[in-house]
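Structure, as structure tokens:
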Amino acid sequence: MALNLSDSSLQDRLAKIEMIIVDVDGVLTDGLAYYDSNGMAMKAFSMRDGFGFVLAKFAGIELGVLTGNVAEMVKRRLEAFNITRIKGGHFRKLGFYEEMVEETGIPEQEIIYIGDDLFDLPVLRRVGFSVAPADAHPDVIRQVDAVTESKGGRGVVREVIEAVVRAKGKWDEVIEMIENDEDGGR
Ligand SMILES: [Mg+2]
């Protein structure tokens, strides 16, 4: 049974997290793609998640992205936050996940994966701590450690990053660092 991220029984595990890996469609976005008459797709990303990436950077939490489709616009959006650890290209994500774990050397118990759909299950079952958005597939919600209050594309990643920074007891320190940063956290 999936719990809320604020559940007291989860805080010790959240405090140990060193890397957060996120899915794109349905997690960083609401899962919709808009197509123009030239067949070009557009997706919307939450600015709240964007500031979440800044919080993670200042808290020293590594970020990674696992997606079924590595689109140029997704890369551009993530590069704005210096996120270059992006892997994927098809729906079998476990191999990409294993590569990412090997490359970073971070123990799996210290990694969160956030995914919303059935083909995320192999990674969600494997990772140290699994999270799904509020509007994920019911079978995914049933199997993860925690479910966010936010729906996909509406601040899911921000919610998870905040929960980890707070569980680590770093919240005040991180906010102060960003306030005093000459580049405003960028
Ligand atoms: Mg997805």
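Nothing in this text is a laboratory measurement; each read-out follows from the coordinates by a stated rule. Source: prediction; values computed, not measured. Here the Cβ is made from the backbone with ideal geometry for all residues, glycine too, and neighbour counts use every protein chain on show.
When the stretch 77-124 is examined, which residues are found to be more than 23 Å from T148 (Cβ to Cβ), within 14 Å of the ligand (Cβ to nearest atom) and among the charged types (D, E, K, R)?
Answer for the stretch 77-124, where residues must be more than 23 Å from T148 (Cβ to Cβ), within 14 Å of the ligand (Cβ to nearest atom) and among the charged types (D, E, K, R): just R92.
Pairs needed: first member in the stretch 51-69, more than 12 Å from V164 (Cα to Cα); second member anywhere, buried (at least 20 other Cβ atoms within 10 Å of the Cβ) and of a type in the set (K, R); C-beta distance under 6 Å; at least 6 residues apart or different chains.
That search, which allows pairs on different chains as well, returns L66/K93.
Can you name the residue in the stretch 145-165 that is part of a loop (DSSP other than H, G, I, E, B) and away from the ligand (no atom under 15 Å from the Cβ) and is also farthest from G52 (Cα to Cα) among such residues?
Filtering first and then ranking leaves D145.
Specify which of the listed residues (V123, V101) is touching a residue at least 24 places away in the same chain (Cβ under 8 Å), surrounded by 15 or more Cβ atoms within 10 Å (Cβ to Cβ) and outside any loop (DSSP other than H, G, I, E, B).
V123
Would you confirm whether or not the stretch 107-119 contains a residue that is in a loop (DSSP other than H, G, I, E, B), under 22 Å from E62 (Cβ atoms) and in contact with an Asp or Glu (Cβ under 7 Å, 6 or more places away or on another chain)?
yes
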